[in-house]
C-alpha cells in the first residue's frame, strides 16, 4: 500500500507501508492491504505507520483520511513525528 501524509505546510510522509492505524472520529481503526474504500474524519491522537523498514508514529490534532485502491492519503493539522 502507498501512504501519503500531508500537512498544510509540507509532505510529512510518503512510502510503501504494510499497515496504518489512525484515531478515527468513531474510534481508532487500522487499514491493511486490500482495505475497503473509506473516507473518515480523524481526531487528536496517534497515527502508527508499519512498514518493512520499521514503524513510525505521528501525533495529530485532527484531519481526514481516504483509502482507495491501496492508496492512502491522510490530510492532517498539528502533526509531529514521535518515533
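The values are calculated or read from the model by the stated rules, or taken from the named source; none is laboratory data. Remember, it's a predicted structure, so these values are computed and weren't measured experimentally. Cβ atoms come from the backbone with ideal geometry, glycine included; neighbour counts cover every protein chain shown.
Put simply, of 34, 63 the only residue that is free of Cβ contacts under 8 Å to residues at least 40 places away in the same chain and within 19 Å of residue 18 (Cα to Cα) is 34. So is residue 5 under 11 Å from the mean Cα position of the chain (by Cα) and touching a residue at least 60 places away in the same chain (Cβ under 8 Å) or not? Yes. Once segment 1-28 is narrowed to residues that are assigned to a loop (DSSP other than H, G, I, E, B) and surrounded by fewer than 14 Cβ atoms within 10 Å (Cβ to Cβ), the residue that is modelled with the highest pLDDT is 18.
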